[in-house]
């Protein structure tokens, strides 16, 4: 008979649940997904292995909860950031570029995971359908958050296609420049990368708005 995991409701159980996720996050970042076991996570969390299996089916189940945490770490701060600029004059080039730069720096600060974690996720997204599904759900939440930001700052897109194009390419560009700066040791002039990314974001914006 298959053992069912339970969702914690009591304070003590919730604390233990959180400790397991925190421990998993630390170990996935330090040693990688493939190099740890549930026993390692339980030991790191200072809980019995049996207790771990009361809340999680396996290591992948813990990893999925970690992924949700990582995704949520980006959503709130980005929305709050753009609320400050709801009256932004999109024709003010220098101001818009400066805000884009501040936003890129915020996104980099939200990357609280290692290159090892990032590389494992890239591989697991291709190899495991459950993790691929969670990654897609996280991406969809991110895109919905971005669309809400577009509304907050009232970007006058030419049409819906231009809005989706801007969303798509800004996601690609922001991810790429942040990962390049954070995870590529060969990058020496980070200011140059930021400057060029900001310029590309600005001129892409100019192409898609009225």
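The values are calculated or read from the model by the stated rules, or taken from the named source; none is laboratory data. The model shown is predicted, which means the values in this text are computed figures rather than measured ones. Glycine gets a Cβ as well: all are built from the backbone with ideal geometry, and neighbour counts include every protein chain shown.
Odds and ends about this structure:
- Among (1) assigned to a helix (DSSP H, G or I); (2) over 24 Å from the mean Cα position of the chain (by Cα); (3) not assigned by TED's automatic domain parsing to the domain that holds residue 191 - the single one residue 23 does not satisfy: (2)
- Test result for residue 97, under 24 Å from the mean Cα position of the chain (by Cα) and assigned to a helix (DSSP H, G or I): yes
- All helices (runs of 4 or more DSSP H) inside segment 101-210 with 2 or more residues being more than 22 Å from the chain's Cα centre (by Cα) and surrounded by 15 or more Cβ atoms within 10 Å (Cβ to Cβ): 190-208
- Of all positions in segment 182-191, at least one carries a residue that is within 21 Å of residue 75 (Cα to Cα) and either out of contact with any strand residue (DSSP E or B) (no Cβ under 6 Å at 6 or more places or on another chain) or at pLDDT below 95 (or both).
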